[in-house]
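The values are calculated or read from the model by the stated rules, or taken from the named source; none is laboratory data. Just so we're clear, the structure is a prediction, and the values are computed from it rather than from any experiment. Here the Cβ positions follow ideal geometry from the backbone for every residue, glycine too, while neighbour counts run over all protein chains shown.
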Amino acid sequence: MTKELLVHKYTALVVAVAAGTLVAGCGNDKATDKDWRSIDPCSLVEPGQISQIDYSGPSNPEPNKPERASDQNGVSCSWSKVLPVLSISIYRLPDRDLVNSTPIPAWAVVREMDIDGRKATVSEEKGGRCSVRMVFRDANMDVLIAPATNKRTVDLDDRSHASCEAQLPLLKSILAKANLP
């Protein structure tokens, strides 16, 4: 074999391997193709998860039923009418230039926390209640968890990180089911 033919075969092999790697990588990240508009926020939580935090019990054996709402800017689901036990809202992200030039006011942020590698901004954390926002490629997700008083594992006056830490399993589950980029 000539030197030119060997170089040509080697180059063809390198190009084929590189192309195969790129094509294989494209199909593995299912979240990159997912659009927030295709998500039903009510499907992100199981009835058993709701019954762990809602007002169901011996006198009210049925967990709260979800109520959907939507408009051109987003979709939401709430469990309970008066004080939502759980509320999930997914809505379009405003123009990124506007978002990046307008910082979140300091008074609106209690802290930041990590939920399975995703940064979440905590806006409320007291007495078992936990409210977080996660920013995705083209959407925001707000999650408010307010357990029934008799199902709270945190003292009502507690302003430590305990409220959102107690809800971390539910937050992780919601994030995993949404699977947004």
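Which one is modelled with the lowest pLDDT among residues in segment 41-67 that are assigned to a loop (DSSP other than H, G, I, E, B) and exposed (fewer than 14 other Cβ atoms within 10 Å of the Cβ)? For segment 41-67, the residue satisfying everything is Pro61. Filtered by the rule that a residue be of a type outside the set (Gly, Ala, Ser), farther than 25 Å from Asn140 by Cβ and in contact (Cβ under 8 Å) with a residue 12 or more places away in the chain, segment 44-64 gives Pro47, Gln52, Tyr55, Pro63. Taking segment 142-164 as the search range and keeping residues that are in contact (Cβ under 8 Å) with a residue 60 or more places away in the chain and among the aliphatic types (A, V, I, L, M), which one is farthest from Pro63 (Cα to Cα)? Residue satisfying both the conditions and the ranking: Leu144. Cβ-Cβ contacts under 9 Å between residues 6 or more apart (or on different chains), taken from a first residue in segment 117-129 that is in contact (Cβ under 8 Å) with a residue 24 or more places away in the chain and on the phi > 0 side of the Ramachandran plot to a second residue that is in a strand (DSSP E or B) and of a type in the set (Val, Ile, Thr), are listed as Gly128/Ile145. Scanning segment 70-83 for residues that are exposed (fewer than 12 other Cβ atoms within 10 Å of the Cβ) and without any contact (Cβ under 8 Å) to a residue 12 or more places away in the chain returns Asp71, Gln72, Val82. Looking across segment 149-165 at every residue that is at pLDDT 90 or above and either among the hydroxyl-bearing types (Ser, Thr, Tyr) or crowded, with 18+ Cβ neighbours inside 10 Å (or both), the one that is farthest from the chain's Cα centre (by Cα) is identified as Ser163.
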